[in-house]
1. Taking only the range 153-185 into account, find how many residues are under 23 Å from residue 26 (Cβ atoms) and assigned to a helix (DSSP H, G or I).
2. Give the number of residues within the range 1-28 that are exposed (fewer than 12 other Cβ atoms within 10 Å of the Cβ) and out of contact with any helix residue (DSSP H, G or I) (no Cβ under 8 Å at 6 or more places or on another chain).
3. Kindly indicate whether any position in the range 250-271 is closer than 23 Å to residue 137 by Cβ and without any contact (Cβ under 8 Å) to a residue 24 or more places away in the chain.
4. Which condition does residue 31 not pass, out of (1) surrounded by 14 or more Cβ atoms within 10 Å (Cβ to Cβ); (2) outside the structural domain of residue 151 (by TED's automatic domain parsing); (3) modelled with pLDDT of 90 or more, if it passes all the others?
5. Could you tell me which residue of the range 212-226 is modelled with the lowest pLDDT, considering only residues that are out of contact with any helix residue (DSSP H, G or I) (no Cβ under 8 Å at 6 or more places or on another chain) and within 17 Å of residue 107 (Cβ to Cβ)?
6. Identify all residues within the range 270-297 that are within 20 Å of the chain's Cα centre (by Cα) and at pLDDT below 90; write none if there are none.
7. Select, from 130, 71, 44, the only residue that is touching a helix residue (DSSP H, G or I) at 6+ places or on another chain (Cβ under 9 Å) and in the same structural domain as residue 269 (by TED's automatic domain parsing).
8. Output the helices (runs of 4 or more DSSP H) that fall wholly within the range 211-297 and possess 3 or more residues being under 30 Å from residue 80 (Cα atoms), or say none.
């Protein structure tokens with residue numbers, strides 16, 4: 001039997017279907033029609049003379065034993081090509097002429113300001129483009145190539161197209177205005193569900209259908225953390241906020257930290273994120289180290 005030569009594109013279509021769990025998900029990731037994804041898989045199966053997915057009796061494609069057996073090799077080929085592209089770019093790369101940076105809204109503003117002030121002094125010739133986003137929109141900017149580096153939170157998960165490196169943590173705490181019913185001592189379990197919760201919403205579709213520390217069925221969804229902060233101080237609900245952002249309000253009595261039985265506060269780990277086919281230049285690497293050092297301090 002004479003086998004064909006599979007293309008890198010067909011292998012990446014195969015990996016996208018596996019990682020997204022559907023032909024439709026792979027089509028969205030690769031910005032193609034579902035028919036193009038199906039055709040690519042059919043071509044790859046013809047070239048390798050194997051059936052990669054069992055399409056019978058399931059709404060989602062399921063890897064066949066042959067598909068399982070070839071998955072590791074397909075990933076290895078894709079990884080090697082990504083490494084080759086990154087290495088090739090590094091041969092031509094010196095100091096970045098421009099850099100797109102995406103920052104999670106949970107990052108303390110004082111940390112961002114100090115790092116970027118030092119950055120301008122250290123790299124005056126690098127044109128920096130800054131965006132501030134929340135939740136899945138941080139990673140989406142990288143995947144849409146609207147930036148080269150992001151500092152984002154844990155809820156985006158292990159995206160196979162991104163590398164990530166932990167740089168620090170932010171404390172999230174539940175707060176409300178003084179006099180709010182949940183600010184009373186000895187709040188009963190389940191009481192938080194009876195009161196309006198202010199929730200940060202994702203401006204991307206990456207976390208669609210998922211909830212993070214949402215206890216109440218009564219919610220207002222806000223895409224802006226500053227607006228959430230203002231509404232909390234007005235007594236219009238309760239919600240989680242970064243401790244650094246509300247430290248002054250807690251000290252001066254404009255907000256109080258809630259002692260809820262469900263303990264909805266959490267450690268919000270921040271990660272440096274970049275695309276796997278991107279080589280980190282000197283300015284980008286410096287930013288990662290600088291954010292880690294500032295968050296530790």
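1. Taking the range 153-185 as the starting set, the residues that turn out to be under 23 Å from residue 26 (Cβ atoms) are 155-164.
Within this subset, residues satisfying the condition of being assigned to a helix (DSSP H, G or I) are 155-156.
Matching residues across the range 153-185 total 2.
2. Residues that pass the stated criteria total 2.
3. First, the residues of the range 250-271 that are closer than 23 Å to residue 137 by Cβ: 264-271.
Add one more test, that the residue is without any contact (Cβ under 8 Å) to a residue 24 or more places away in the chain, and what stays is none.
No, there is no match, as no residue in the range 250-271 is closer than 23 Å to residue 137 by Cβ and without any contact (Cβ under 8 Å) to a residue 24 or more places away in the chain.
4. Exception for residue 31: condition (1).
5. 223
6. Scanning the range 270-297 gives 275, 276, 277, 278, 279, 280.
7. Going through 130, 71, 44 in turn, just one is touching a helix residue (DSSP H, G or I) at 6+ places or on another chain (Cβ under 9 Å) and in the same structural domain as residue 269 (by TED's automatic domain parsing): 130.
8. 282-296
The values are calculated or read from the model by the stated rules, or taken from the named source; none is laboratory data. Keep in mind the model is a prediction, meaning the values are calculated, not measured. Because the Cβ atoms are built from the backbone with ideal geometry, glycine has one as well, and the counts that use them run over all protein chains shown.
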